[in-house]
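Have a look at the structure below before the remarks.
Values in this text are rule-based calculations from the coordinates and carry no lab data. Model, not experiment: these values are computed from the prediction. Quick reminder, even Gly has a Cβ in these numbers, built from the backbone with ideal geometry, and neighbours come from all protein chains shown.
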Amino acid sequence: MVLLVRHGKTPTTGQILPGRAPDLHLSEDGLAQAEAVADRIATLSDPAERAPVAVYASPLERTFETARPIARRLGLRVRSDRGLIECDFGEWTGKELKVLAKQPEWSQVQRWPSGFRFPGGESFLEMQARITGTIARLVHLHPGETVVAVSHADPIKAAVTAAAGTHLDLLQRLVVSPCSVTALAYTEAGPHVLSVNSTASLTELAIS
């Protein structure tokens, strides 16, 4: 099972498209969210067979700051994995969302993301291929085990659409809140979506 955790709130959440810009840290609320999600994930240590055996994070500061409390509660270390990094927004990096929403391309981002490439950056299709390939690699490294992967909203949404067998163009219908947990299980029969955007207890996670 892969527990995909979105990083906690930052001072720019909901206002700026930070992308891969460096030096963006969690806000006070985000730090509190990180501690809370660590507590929730720690409940999986009982029963022991669901206890996470590894914690991975995108190399950006906000994801590492979210992953550290999780790793500390589990007695693990945070491993950096570039495959979990945010989409490369290219020329849109650092722009205000209210300004971007007025761009003619914005409607394509919302309604036809599979056909869009950020100017000077990554396409949604490339991002989906990257995140799904990364998850497949982590599953291969930890067969039958649970791992935590701290990433960003859009990559997590792209992973969910792939696991659910739905089109990437439905990505914007998904909500992935700060420090929410999205649980995906991978079996020989294929992937199972156990939860999306969970901000409550994780004790009920199971394939039924």
Task: Relative contact order [Cα under 8 Å, 6+ residues apart], segment 122-200, whole percent - done: 24
Open item on the list: Rounded to the nearest 20 debye, what is the charge dipole size of the chain about its Cα centre when +1 sits on each Lys and Arg Cβ and -1 on each Asp and Glu Cβ?
Closed with: 120
Task: Relative contact order [Cα under 8 Å, 6+ residues apart], the chain, whole percent - done: 29
Task: Which of 116, 124 has the fewest Cβ neighbours within 10 Å, and the rest in rising order - done: 116, 124
TODO: Go through segment 184-196 residue by residue and turn each phi into a ³J(HN,Hα) via Karplus (6.51, -1.76, 1.60, θ = phi - 60°); whole Hz please, and just put x for glycine and proline.
DONE: 10, 10, 10, 10, 4, 7, x, x, 10, 8, 8, 7, 9
Task: Extended-chain gain in nm, criterion 0.36 nm per residue less alpha-carbon gap, residue 177 and residue 126 - done: 16.1 nm
- [ ] In whole angstrom, note down how far apart the Cα centers of segment 123-154 and segment 1-65 are.
- [x] 15
Open item on the list: Between residue 102 and residue 29, what is 0.36 nm times their sequence separation minus the Cα-Cα distance? Round to one decimal in nm.
Closed with: 23.4 nm
Task: Per-residue Cβ neighbour rank within 10 angstrom, fewest leading, 23, 154, 39, 169 - done: 23, 39, 169, 154
TODO: Search the structure for amide H atoms under 5 Å from the amide H of residue 56, placed 1.01 Å from N in the peptide plane, and list their residues when 5 or more places away or on another chain.
DONE: 79, 148, 149, 150
- [ ] Starting from the Cα of residue 142, step 7 Å toward the Cβ, then list every residue of segment 156-186 with an amide N under 15 Å from that point.
- [x] 181-186
- [ ] Tell me the label-point distance for the pair residue 164, residue 199, using the 7 Å Cα-to-Cβ offset, in nm and rounded to one decimal.
- [x] 1.8
Task: Environment charge of residue 105, counting only residues whose C-beta is closer than 14 Å and scoring Lys/Arg +1, Asp/Glu -1 - done: +3
- [ ] Please compute the net charge surrounding residue 125, taking Lys and Arg as +1 and Asp and Glu as -1 over other residues with Cβ under 14 Å from its Cβ.
- [x] -2
- [ ] Please report 177, 151 as a ranked list, fewest other C-beta atoms within 10 angstrom at the top and most at the bottom.
- [x] 177, 151
TODO: Evaluate E = 1/(1 + (r/R0)^6) for residue 188 and residue 110, where r is the Cβ-Cβ distance and R0 equals 30 Å; express this FRET efficiency to the nearest 0.05.
DONE: 0.25
Task: Net charge of Cβ neighbours under 14 Å - reference residue 31; Lys, Arg +1; Asp, Glu -1 - done: -2
TODO: Rounded to the nearest 500, what is the 222 nm mean residue ellipticity of the chain from helices alone, with -39500 (n - 2.57) per DSSP H run of 4+ residues and division by all residues?
DONE: -10000 deg cm²/dmol
Open item on the list: Sort 103-112, 85-94 by the packing proxy (mean of other Cβ within 10 Å over each peptide's residues), most packed first.
Closed with: 85-94, 103-112
